[in-house]
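To start, the structure itself, in C-alpha coordinates.
The values are calculated or read from the model by the stated rules, or taken from the named source; none is laboratory data. These numbers come from a predicted model, not from an experiment. No Cβ is skipped: glycine too gets one built from the backbone with ideal geometry, and neighbour counts run over all protein chains shown. Side chains are part of the model used for accessible areas, which takes the heavy atoms of the whole protein and leaves out ligands, DNA and RNA. Shrake-Rupley method; radii C 1.70, N 1.55, O 1.52, S 1.80 Å.
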Amino acid sequence: MISHPSRNCTVELQALPSRIGQVRRIVSAQLRYWHMDPLIDRASLGVTELLSNVHRHAQPDKTCTVEMELLLDRLKVSVHDHDPRLPVVADAGPLATCGRGLAMVAAMSESWGVLPDGESGKVVWFTLPTSAAAAPVAWDRRPVHTAAEPAEPRFTEVALVDVSDVRRAEPAPAPSAVPG
(Lines give C-alpha, C1' and ligand atoms only; values in the text may rest on other atoms or scores of the structure.)
Protein backbone atom coordinates (compact mmCIF):
# COMPACT_ATOMS: atom_id res chain seq x y z
CA MET A 1 0.00 0.00 0.00
CA ILE A 2 1.38 3.43 -0.94
CA SER A 3 0.41 6.01 1.67
CA HIS A 4 2.31 8.92 0.12
CA PRO A 5 2.59 8.68 -3.64
CA SER A 6 5.63 10.25 -5.24
CA ARG A 7 4.86 13.71 -6.60
CA ASN A 8 6.64 14.92 -9.69
CA CYS A 9 6.68 18.05 -11.88
CA THR A 10 8.68 18.34 -15.11
CA VAL A 11 9.20 21.39 -17.31
CA GLU A 12 11.09 21.36 -20.61
CA LEU A 13 12.44 24.71 -21.82
CA GLN A 14 15.14 26.77 -23.48
CA ALA A 15 17.32 28.22 -20.69
CA LEU A 16 16.94 31.84 -21.78
CA PRO A 17 16.79 34.74 -19.30
CA SER A 18 13.12 35.41 -20.15
CA ARG A 19 12.20 31.79 -19.40
CA ILE A 20 14.05 31.54 -16.07
CA GLY A 21 11.55 33.86 -14.36
CA GLN A 22 8.67 31.77 -15.70
CA VAL A 23 10.23 28.60 -14.31
CA ARG A 24 10.65 30.28 -10.90
CA ARG A 25 6.91 31.05 -10.93
CA ILE A 26 6.13 27.45 -11.89
CA VAL A 27 8.35 26.15 -9.06
CA SER A 28 6.63 28.50 -6.58
CA ALA A 29 3.13 27.51 -7.74
CA GLN A 30 3.93 23.79 -7.61
CA LEU A 31 5.39 24.02 -4.10
CA ARG A 32 2.31 25.96 -2.93
CA TYR A 33 0.13 23.23 -4.44
CA TRP A 34 2.13 20.63 -2.51
CA HIS A 35 1.84 22.78 0.67
CA MET A 36 5.62 23.18 0.80
CA ASP A 37 5.65 26.99 1.03
CA PRO A 38 8.75 27.13 3.30
CA LEU A 39 10.83 25.64 0.45
CA ILE A 40 9.85 28.19 -2.21
CA ASP A 41 12.69 30.69 -1.71
CA ARG A 42 15.48 28.12 -1.60
CA ALA A 43 14.09 25.99 -4.45
CA SER A 44 13.62 29.09 -6.62
CA LEU A 45 17.14 30.28 -5.88
CA GLY A 46 18.62 26.87 -6.68
CA VAL A 47 16.70 26.44 -9.92
CA THR A 48 17.64 29.98 -11.00
CA GLU A 49 21.33 29.26 -10.46
CA LEU A 50 21.22 25.94 -12.31
CA LEU A 51 19.30 27.42 -15.27
CA SER A 52 21.67 30.38 -15.40
CA ASN A 53 24.56 27.91 -15.70
CA VAL A 54 22.81 26.16 -18.58
CA HIS A 55 22.28 29.53 -20.27
CA ARG A 56 25.92 30.54 -19.83
CA HIS A 57 27.74 27.29 -20.43
CA ALA A 58 25.67 24.55 -22.12
CA GLN A 59 26.53 23.60 -25.68
CA PRO A 60 25.36 22.81 -28.35
CA ASP A 61 21.93 24.12 -27.30
CA LYS A 62 20.14 25.59 -24.28
CA THR A 63 17.37 22.99 -24.17
CA CYS A 64 16.96 21.52 -20.71
CA THR A 65 14.48 19.83 -18.41
CA VAL A 66 13.72 20.92 -14.85
CA GLU A 67 12.30 18.22 -12.62
CA MET A 68 10.99 18.52 -9.08
CA GLU A 69 10.30 15.34 -7.18
CA LEU A 70 8.65 15.41 -3.77
CA LEU A 71 9.77 12.37 -1.80
CA LEU A 72 8.77 11.46 1.75
CA ASP A 73 11.34 13.62 3.52
CA ARG A 74 12.95 15.79 0.82
CA LEU A 75 12.41 17.74 -2.34
CA LYS A 76 14.76 16.87 -5.17
CA VAL A 77 15.21 19.49 -7.90
CA SER A 78 17.24 18.57 -10.98
CA VAL A 79 18.18 20.18 -14.27
CA HIS A 80 19.13 17.99 -17.23
CA ASP A 81 20.93 19.57 -20.19
CA HIS A 82 22.59 18.19 -23.33
CA ASP A 83 26.17 19.28 -22.60
CA PRO A 84 28.28 16.37 -21.28
CA ARG A 85 30.86 18.70 -19.67
CA LEU A 86 30.53 18.62 -15.89
CA PRO A 87 30.34 21.89 -13.94
CA VAL A 88 33.13 23.00 -11.65
CA VAL A 89 32.64 24.92 -8.42
CA ALA A 90 34.53 28.15 -9.03
CA ASP A 91 36.69 29.85 -6.46
CA ALA A 92 35.29 33.33 -7.10
CA GLY A 93 37.32 36.21 -5.75
CA PRO A 94 35.67 38.85 -3.54
CA LEU A 95 35.21 41.27 -6.45
CA ALA A 96 34.03 38.69 -9.01
CA THR A 97 30.60 39.37 -10.52
CA CYS A 98 29.86 35.70 -11.22
CA GLY A 99 31.09 32.23 -10.35
CA ARG A 100 29.29 31.67 -7.05
CA GLY A 101 26.21 29.82 -8.31
CA LEU A 102 27.12 26.25 -7.42
CA ALA A 103 28.64 27.37 -4.12
CA MET A 104 25.30 29.03 -3.29
CA VAL A 105 23.40 25.88 -4.26
CA ALA A 106 25.70 23.85 -2.01
CA ALA A 107 25.25 26.30 0.89
CA MET A 108 21.46 26.47 0.78
CA SER A 109 20.71 22.81 0.06
CA GLU A 110 20.87 19.63 2.08
CA SER A 111 22.89 17.93 -0.68
CA TRP A 112 23.71 18.42 -4.34
CA GLY A 113 25.57 16.69 -7.13
CA VAL A 114 26.13 16.05 -10.81
CA LEU A 115 25.44 12.87 -12.74
CA PRO A 116 26.76 12.31 -16.24
CA ASP A 117 23.94 11.13 -18.49
CA GLY A 118 25.89 9.10 -21.04
CA GLU A 119 26.70 11.13 -24.10
CA SER A 120 23.42 13.00 -23.91
CA GLY A 121 24.45 15.46 -21.23
CA LYS A 122 24.28 15.65 -17.47
CA VAL A 123 21.92 16.14 -14.56
CA VAL A 124 22.72 18.69 -11.84
CA TRP A 125 20.53 18.27 -8.75
CA PHE A 126 20.01 19.46 -5.18
CA THR A 127 17.78 18.39 -2.30
CA LEU A 128 15.95 20.28 0.43
CA PRO A 129 14.50 18.66 3.57
CA THR A 130 10.69 18.70 3.77
CA SER A 131 10.31 17.82 7.46
CA ALA A 132 9.87 20.30 10.30
CA ALA A 133 13.56 21.04 9.79
CA ALA A 134 12.57 22.57 6.45
CA ALA A 135 11.88 25.91 8.05
CA PRO A 136 13.65 28.71 6.21
CA VAL A 137 17.28 29.11 7.15
CA ALA A 138 17.62 31.87 9.72
CA TRP A 139 20.98 33.36 8.91
CA ASP A 140 21.05 35.24 12.23
CA ARG A 141 20.74 32.07 14.31
CA ARG A 142 23.76 30.71 16.13
CA PRO A 143 24.19 27.54 18.16
CA VAL A 144 23.97 28.20 21.86
CA HIS A 145 25.12 25.67 24.44
CA THR A 146 22.71 25.01 27.28
CA ALA A 147 23.70 23.24 30.46
CA ALA A 148 22.07 19.84 30.48
CA GLU A 149 22.79 18.02 33.71
CA PRO A 150 21.34 14.53 33.76
CA ALA A 151 22.24 12.17 36.59
CA GLU A 152 25.40 11.19 34.74
CA PRO A 153 26.42 14.13 32.53
CA ARG A 154 27.77 12.81 29.24
CA PHE A 155 26.60 15.25 26.58
CA THR A 156 25.92 18.94 26.18
CA GLU A 157 22.65 19.92 24.55
CA VAL A 158 22.87 22.34 21.68
CA ALA A 159 19.87 24.48 20.83
CA LEU A 160 19.36 27.03 18.10
CA VAL A 161 17.98 30.28 19.41
CA ASP A 162 17.03 33.44 17.64
CA VAL A 163 19.75 35.95 18.53
CA SER A 164 17.18 38.74 18.62
CA ASP A 165 15.91 37.11 21.85
CA VAL A 166 19.35 37.19 23.46
CA ARG A 167 20.18 40.33 25.38
CA ARG A 168 23.44 41.82 24.29
CA ALA A 169 25.63 43.76 26.65
CA GLU A 170 25.87 47.41 25.69
CA PRO A 171 29.39 48.26 24.59
CA ALA A 172 31.25 50.57 26.92
CA PRO A 173 32.16 53.94 25.44
CA ALA A 174 35.69 54.06 24.09
CA PRO A 175 38.06 56.23 26.12
CA SER A 176 38.90 59.49 24.46
CA ALA A 177 42.43 60.07 23.22
CA VAL A 178 41.99 63.78 23.79
CA PRO A 179 42.71 64.89 27.40
CA GLY A 180 39.99 66.78 29.22
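Here are some conditions: (1) closer than 23 Å to L115 by Cα; (2) among the acidic types (D, E); (3) open to solvent by 30 Å² or more (accessible area, probe 1.4 Å). D81 meets all but one. Which one does it not meet?
With respect to (1) closer than 23 Å to L115 by Cα; (2) among the acidic types (D, E); (3) open to solvent by 30 Å² or more (accessible area, probe 1.4 Å), D81 is out only on (3).
Take R100 and decide whether it is more than 16 Å from T10 (Cα to Cα), surrounded by 12 or more Cβ atoms within 10 Å (Cβ to Cβ) and without any contact (Cβ under 8 Å) to a residue 24 or more places away in the chain.
yes
Given (1) open to solvent by less than 10 Å² (accessible area, probe 1.4 Å); (2) more than 20 Å from V114 (Cα to Cα), identify the lone condition not met by P17.
Of (1) open to solvent by less than 10 Å² (accessible area, probe 1.4 Å); (2) more than 20 Å from V114 (Cα to Cα), only one is false for P17: (1).
Can you tell me which condition V11 does not meet? The list is (1) under 20 Å from K122 (Cβ atoms); (2) open to solvent by less than 50 Å² (accessible area, probe 1.4 Å); (3) touching a Leu at 6+ places or on another chain (Cβ under 8 Å), and all the others hold.
In the conditions (1) under 20 Å from K122 (Cβ atoms); (2) open to solvent by less than 50 Å² (accessible area, probe 1.4 Å); (3) touching a Leu at 6+ places or on another chain (Cβ under 8 Å), V11 misses (3) alone.
Filter segment 22-57 for residues that are of a type in the set (A, V, I, L, M) and touching a residue at least 60 places away in the same chain (Cβ under 8 Å); which is surrounded by the most Cβ atoms within 10 Å (Cβ to Cβ)?
L50
So P94 clears everything in (1) open to solvent by 70 Å² or more (accessible area, probe 1.4 Å); (2) under 24 Å from S131 (Cα atoms) except one condition, right? Which one?
Of the numbered conditions (1) open to solvent by 70 Å² or more (accessible area, probe 1.4 Å); (2) under 24 Å from S131 (Cα atoms), the odd one out for P94 is (2).
Let's see how each residue does on (1) in a loop (DSSP other than H, G, I, E, B); (2) within 16 Å of L16 (Cα to Cα):
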{"position": "R42", "(1), (2)": "no, no"}
{"position": "E49", "(1), (2)": "no, yes"}
{"position": "N53", "(1), (2)": "no, yes"}
{"position": "C64", "(1), (2)": "no, yes"}
{"position": "K76", "(1), (2)": "no, no"}
{"position": "D91", "(1), (2)": "yes, no"}
{"position": "G113", "(1), (2)": "no, no"}
